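Here, each number is a calculation from the coordinates, and none is a lab measurement. Treat the numbers as computed from the prediction; the structure is a model and nothing was measured. Here the Cβ is made from the backbone with ideal geometry for all residues, glycine too, and neighbour counts use every protein chain on show.
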Amino acid sequence: MPGMENELKKPKIFSREQAKLKAESFCAYQERAQQEVRNKLYEWGLYSNQVEQIISELIEENFLNEERFSKSYVSGKFRIKGWGKIKIKQGLKLKKISDKLISKSLNQIDGDDYIKTLETILEKKSAVLLEKDAFKKRYKLMNYALSKGFERDLIFDVLKNNTLP
């Protein structure tokens, strides 16, 4: 079919030097996981050995730091998006962050802040739910908090101990 070849995404071909400069600015714009940068370099048409060499250089020059990325990701998803630890952990796993680093990064979340955040999202959701039946309302709140990545036991405790509107 005519025009089909335009629809297939062809890799942009950059020289190694161009790709490294672009990768540096990609990393300087915001914290990145190694896998994100690796994918981008492949997308730009580089070969495996070039990709790994650039990744190593970016780490040496401190453009790329998995621990810094992981902590930034956890902080942003928790404080800005109101995500729970389960959802944050899944996001980091998708970015191929090690379990050890995920645990270390999740431990930076203050326990009191975590519970307060859960209480806040439950209160906000409760205020907009039109459900009159208390049992159904609790069920909907439980599912909402689960979808945000909070732990079932913690949600249950907060719902049990709070009088939501």
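At a glance:
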item	result
Leading residue at positive end of dipole, the range 1-141 (Cβ point charges), from Ser103, Ala127, Gly91	Ala127
For the chain, size of Cβ-based charge dipole, Lys and Arg +1, Asp and Glu -1, in debye	660 debye
GluC sites (Glu not before Pro), loop per DSSP, at most 13 other Cβ atoms within 10 Å - longest free stretch of the chain	62-130
Cross-link pairs Lys22/Lys89; Lys71/Lys95; Lys81/Lys104 - those with Cα-Cα distance over 25 Å	Lys22/Lys89
Inter-site label distance for Thr120 and Glu151 at 7 Å from Cα along Cβ, in nm	2.1 nm
Amide hydrogen neighbours beyond the local backbone of Asn65, cut-off 5 Å, H modeled	Arg32
Net dipole in debye of the range 78-135 [+1 Lys, Arg Cβ; -1 Asp, Glu Cβ; about Cα centre; nearest 20]	540 debye
Angle in degrees between helix 66-79 and the longest Cα principal axis of the chain, rounded to the nearest 10	30 degrees
The chain: equivalent-ellipsoid semi-axes (sqrt of 5 x gyration tensor eigenvalues, Cα, Å)	42, 21, 11
On Cα atoms only, tilt of 16-29 relative to the major axis of the chain in degrees	20 degrees
In degrees, nearest ten, helix 152-161 long axis to first principal axis of the chain (Cα)	30 degrees
